[in-house]
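Worksheet: the structure to be examined is printed underneath.
The values are calculated or read from the model by the stated rules, or taken from the named source; none is laboratory data. None of the values given here were measured: they were computed from a predicted structure. No Cβ is skipped: glycine too gets one built from the backbone with ideal geometry, and neighbour counts run over all protein chains shown.
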Amino acid sequence: MLKICDGYYQDNLVNYECVRCSKSFIVGEELVKDCSTGSPTCPYCGCGSEYVVKRSYTEDEQLEGMGLGCVGIYLEKEEPASPFKVMEDVDGVWEV
Ligand SMILES: [Zn+2]
């Protein structure tokens, strides 16, 4: 997942092929990350993930050089909480 700006990322692409209907499709890595079976179901014939095989995928370094523009898959995601607390000056006293 490639960071574009705060809270906005370009997702890695994963190419799957359905061995039942022989069609392939591309989805974002983050989208399928939480699939309980590890793979999505086929969007064409609807067969279960046991027929869907991962064929190829991108990594962050590749995304940078591909220049996918509007063809890429993008997502908004909350930034992980900072381990550092922000201090601010409140009436001359620094508070967390
Ligand atoms: Zn299929």
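Enumerate the strands (runs of 3 or more DSSP E) found wholly within the range 56-96, keeping only those where 3 or more residues are modelled with pLDDT of 85 or more.
Passing ranges, in order: 74-76.
Among the numbered criteria (1) surrounded by 13 or more Cβ atoms within 10 Å (Cβ to Cβ); (2) part of a loop (DSSP other than H, G, I, E, B); (3) in contact with a Phe, Trp or Tyr (Cβ under 8 Å, 6 or more places away or on another chain), which one does C35 miss?
Evaluating C35 over (1) surrounded by 13 or more Cβ atoms within 10 Å (Cβ to Cβ); (2) part of a loop (DSSP other than H, G, I, E, B); (3) in contact with a Phe, Trp or Tyr (Cβ under 8 Å, 6 or more places away or on another chain) leaves (3) as the failure.
Tell me, yes or no, whether the range 51-58 has at least one residue that is charged (D, E, K, R) and surrounded by 12 or more Cβ atoms within 10 Å (Cβ to Cβ).
Yes, that holds for at least one residue.
Under 8 Å by Cβ, and 6 or more places apart or on different chains, what pairs join a residue from the range 1-29 that is in contact (Cβ under 8 Å) with a residue 12 or more places away in the chain and among the β-branched types (V, I, T) with one that is part of a strand (DSSP E or B) and surrounded by fewer than 16 Cβ atoms within 10 Å (Cβ to Cβ)?
Every condition considered, the pairs that remain are I4/Y74; V14/I26; V14/K54; V14/S56; V14/Y57; V19/V53; I26/N15.
Of the residues in the range 51-78, how many are in contact with a strand residue (DSSP E or B) (Cβ under 6 Å, 6 or more places away or on another chain) and of a type in the set (A, V, I, L, M)?
5
Are any residues in the range 5-25 surrounded by 14 or more Cβ atoms within 10 Å (Cβ to Cβ) and either of a type in the set (A, V, I, L, M, F, W, C) or within 12 Å of the chain's Cα centre (by Cα) (or both), and if so, which ones?
Of everything in the range 5-25, those that are surrounded by 14 or more Cβ atoms within 10 Å (Cβ to Cβ) and either of a type in the set (A, V, I, L, M, F, W, C) or within 12 Å of the chain's Cα centre (by Cα) (or both) turn out to be Y9, Q10, D11, N12, L13, V14, C18, F25.
Do you know which residues across the range 13-36 are near the ligand (Cβ under 10 Å from one of its atoms) and of a type in the set (V, I, T)?
Of everything in the range 13-36, just one residue is near the ligand (Cβ under 10 Å from one of its atoms) and of a type in the set (V, I, T), namely V19.
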